[in-house]
Amino acid sequence: MPAHQEHAPDDSTPWGSIARNVALVATALAMVWLALNVRLPSLDELRADIDDLGAWAPLAFIALYALVALTPIPVTIMAVAGGMLFGLGPGTLLSMIGVTAGCFGAYWLARALGRETVMRALGSHRDVVEERLEGGGFYAVCTLRLMPGIPYWPVNYGSGALGIPSREFLLATALSALPGQVSLIAIGAFLASPDVLHGAVVGISWIIVLALTVFSYRRWRATRAVAAADGEAADAV
């Protein structure tokens, strides 16, 4: 065998890169189309449509909520509708199942698409999501989930793309989404049946949201500080 062997130029087509770029374009176009063209029905229309399903109404509501949570469409109307349709207790249960399933589905979709594809699709949300979630975990997800002005979908897709452990993402999503969801569900229940209880639940749940926001942000900062200190110690060895 010759000591030196010439290698033929690598003319292989980078199918992986092409597939990721195609996925990026398809995902971005789908999100833009959904955000601009899909209009959720009004609360009254949604209530009538769900009521017409009879015994299938709870499952249909969960499925629709999960689908909405997969997209950039705000989930607010779904939570309020849950309170109007099913009341405070059942509405909370069904809404949490739906929103958690949708968020977890988006997380795994992001894992499949890959970091590069997803981070491009996040657009204006990329910097804050990357800064908070890079190397983060439970408290990072909680902080972003509770922060005002940050929709659900960038947190879902960013968590999957940046490698947040699935168990931590699921637990953080369920815990941090609950008080905000309860407040919206209580608003819907109040619209259907105005009383002091539903009004009090709205106020208490938002106090809890504010308290959890401060707590999770401080814990996230402390976790980042410890990680940075450990990194510096490792470099010094």
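The values are calculated or read from the model by the stated rules, or taken from the named source; none is laboratory data. Since this is a predicted model, take the numbers as computed values, not measurements. With ideal geometry, Cβ positions are generated from the backbone for all residues, glycine too; neighbour counts draw on all protein chains shown. Accessible surface areas use protein heavy atoms only, side chains included; no ligands, DNA or RNA. Shrake-Rupley method; radii C 1.70, N 1.55, O 1.52, S 1.80 Å.
Assorted remarks:
- Residue in segment 96-110 that is open to solvent by 50 Å² or more (accessible area, probe 1.4 Å) and among the aromatic types (Phe, Trp, Tyr) present: yes
- For segment 118-129, the condition holds for no residue, the condition being that it is of a type in the set (Asp, Glu) and over 28 Å from residue 206 (Cβ atoms).
- Of the helices (runs of 4 or more DSSP H) lying entirely inside segment 49-134, those carrying at least 3 residues that are under 23 Å from residue 195 (Cα atoms) and among the β-branched types (Val, Ile, Thr) are 76-86.
- The condition (being modelled with pLDDT of 80 or more and open to solvent by less than 40 Å² (accessible area, probe 1.4 Å)) is satisfied by just one residue among 63, 69: 69.
- Complete set of residues in segment 145-177 that are open to solvent by 30 Å² or more (accessible area, probe 1.4 Å) and assigned to a helix (DSSP H, G or I): 152, 153, 166, 167, 168, 170, 171, 174, 175
- Selection status of residue 30, within 22 Å of the chain's Cα centre (by Cα) and either surrounded by fewer than 16 Cβ atoms within 10 Å (Cβ to Cβ) or at pLDDT below 90 (or both): yes
- Among the candidates 202, 182, 196, the residue that is open to solvent by less than 80 Å² (accessible area, probe 1.4 Å), more than 12 Å from residue 84 (Cβ to Cβ), free of Cβ contacts under 8 Å to residues at least 24 places away in the same chain and out of contact with any Pro (no Cβ under 8 Å at 6 or more places or on another chain) is uniquely 202.
- Screening residue 125 with (1) open to solvent by less than 20 Å² (accessible area, probe 1.4 Å); (2) farther than 15 Å from residue 217 by Cα; (3) not aliphatic (A, V, I, L, M) gives one miss only, at (1).
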